[in-house]
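Visitor: Below is the structure I would like to discuss, written out as structure tokens.
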Amino acid sequence: DVDDQEDLAYMQAIAKQAKAMHTFASAEEYEQYTTRDAEDYESPLLELDYLMVFAEALHGASQRHPDFYTPLQTSLTAETQAASQALMAAAADPQRAEHLAEVKRQQEAAEESDED
């Protein structure tokens, strides 16, 4: 039951949202919408170097919030600290960066040959 104007406005807003939600009332319509251009879509996240992002995040945390990061880092086990340092070293390895660039060039060349 709608007793006052506030309730009426709320119910009208809900009805409007419900109507908008019926855009994908059928599974077929939803499937057509979701598969449209999906084959051509490439997420920019695929271009990320996840190890580098991780290393930069840890480095940024240690630089910006040393009062938080230092006790956190020292509370880790020796094994976890060693693993963290190994990841940081791997992220900074210039050979790794060169290898990733070469893999990307090969992928792009393969995509170009597929298009021809």
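Read-outs: derived from the displayed coordinates by stated rules, not from any lab. Please read all numbers here as calculations on a predicted model, not as lab measurements. Positions of Cβ are backbone-derived with ideal geometry, glycine not excepted, and every protein chain shown enters the neighbour counts.
Visitor: Evaluate the distance, in nm, between pseudo-label points positioned 7 Å from the Cα of Ala18 and of Glu111 along their respective Cα→Cβ axes.
Guide: 4.5 nm
Visitor: Now for a separate question. For labels at Leu45 and His99 in the simple 7 Å Cα→Cβ model, what's the distance in nm?
Guide: 2.5 nm
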